[in-house]
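Take a look at the structure set out below.
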Amino acid sequence: MSFDKFKDTIEQGDTVILYLNVNSMHAIQVQPKIKNKKDEWVENVFQTTYGALKVQSLVGKKFGTKVALSRGWAYVLHPTPELWTLTLPHRTQIIYTPDISMIIFQLEIRPGSVVVESGTGSGSLSHALIRCIKPQGHLYTFDFHEYRVSVAREEFETHGIGQYVSVKQQDVCQDGFGTELNGKADALFLDLPHPWEAVPHAAAVIKDLGKLNQTYRFEGQSNDFLTVEGLPKELSVKMIWRDVYTNSLFTNF
Ligand SMILES: C[S@@+](CC[C@H](N)C(=O)[O-])C[C@H]1O[C@@H](n2cnc3c(N)ncnc32)[C@H](O)[C@@H]1O
């Protein structure tokens, strides 16, 4: 229950991020027992490259604490949508933080927004959207895949953010988003193989029809589409030598 508000101390049921190094992080749920492959309940011991961690030993520890593993150590971090994106169990391809930030910025999503999203996929974008719109806003997320819908719904509940999101199993290209959402959405985002098939249904749910009409107009004028590309660039530091002016040169100024 740790995605909703920041807190100091780890409690039973929390999701924590076990940070080994920048390339190795794991999301773990703090619970004393876990089911093994034989479907038996056993002590929850998490294995890492630096040894084992008894997960229950995290209860009462402060977020940010360094914890001992059997062959090393790690930090236990508070979960955020960014860390969740890096550690979540992949059920689909996902959207990553640089693109998520651009999506939220371009759609002008803010606290109180009503947002419609499809497909839910692995819930990477959904977690960031929920943080942005809560506490008054709401996310309606749709996916036609039964398993993905049920796991996403379970994750939102486990993460303590279930009250901000409605997850529905529906083919949005065929059946749209449901008449109850007509004229309700401040923003809509489609991460689908054929997003254009859902555009007529999107017209019904979006609040700002004027804005969406423009989307239609743009369809015939592809040069009017806004296309954004984000490329990470590594910065390097280089030593350069320049002539240094003497102090006397500057005293005349
Ligand atoms: C790439 S994934 C979405 C990933 C998600 N944005 C994330 O960041 O985790 C695409 C999802 O769209 C779903 N999907 C594809 N076609 C659909 C349709 N017509 N209606 C609803 N969901 C659909 C798939 O089941 C899949 O889960």
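No value in this document is a laboratory result; all are computed from the given coordinates. Since the model is a prediction, treat every value here as computed from it, not as a measurement. Counting neighbours? That spans all protein chains shown, and the Cβs are built from the backbone with ideal geometry, glycine included.
Simple point charges give the picture: +1 on the Cβ of Lys and Arg, -1 on the Cβ of Asp and Glu, and for region 15-79 a dipole about the Cα centre of about 100 debye. Between Thr120, Thr49, Thr141, find the one with the highest GNM mean-square fluctuation for the chain; connect C-alpha pairs within less than 10 Å. Its mean-square fluctuation being the largest, the pick is Thr49.
Quick check on region 51-192: of the DSSP beta bridges with both residues there, what percent are antiparallel, nearest 5%? Could the numbers behind the result be given before it?
Details: 4 of 18 bridges.
Approximately 20 percent, going by the DSSP bridge assignments.
Compute, for region 1-157, the length of the dipole vector about the Cα centre, with Cβ point charges of +1 (Lys, Arg) and -1 (Asp, Glu) only. Units Debye, rounded to 20.
Working: 17 positive and 16 negative charges, 112 e Å.
Result for region 1-157 is approximately 540 debye, rounded to the nearest 20.
A Gaussian network model of the chain, with springs between Cα atoms under 10 Å, assigns the largest mean-square fluctuation among Asp243, Asp99, Asp186 to Asp243. Dipole magnitude for region 85-224: about 360 debye, using +1 per Lys or Arg Cβ and -1 per Asp or Glu Cβ, origin at the Cα centre. The ranking of Thr65, Thr85, Thr227 from fewest to most other beta carbons within 10 Å of each one's beta carbon is Thr227, Thr65, Thr85.
Which order results if Lys5, Lys168 are arranged by neighbouring Cβ count within 10 Å, fewest first? The partial results should precede the final answer.
Numbers: Lys5 9, Lys168 17.
Fewest-to-most Cβ neighbours within 10 Å comes out as Lys5, Lys168.
Positive end of the dipole of the chain (Cβ unit charges, origin at the Cα centre): among Ser24, Gln56, Gly162, the Cα lying farthest that way belongs to Gln56. Of the cross-linked pairs Lys5/Lys35; Lys5/Lys66; Lys62/Lys134; Lys37/Lys168; Lys5/Lys37, those separated by over 32 Å at the C-alpha level are Lys5/Lys37. Taking label positions 7 Å along the Cα-Cβ direction at both Thr65 and Arg242, the computed distance is 5.0 nm, reported to one decimal. How much of the DSSP beta bridge set in the chain is antiparallel, as a percent to the nearest 5? In the chain, approximately 60 percent of DSSP beta bridges are antiparallel ones.
Only one residue of Thr179, Val114, Trp73 has its Cα farthest out toward the positive end of the dipole of the chain, where Lys and Arg carry +1 and Asp and Glu -1 on Cβ, and that residue is Trp73. A straight chain from Asn21 to Thr97 at 0.36 nm per residue would run longer than the Cα-Cα distance by 25.5 nm. Fewest-first ordering of Val228, Val151 by other beta carbons within 10 Å of each residue's beta carbon gives Val228, Val151.
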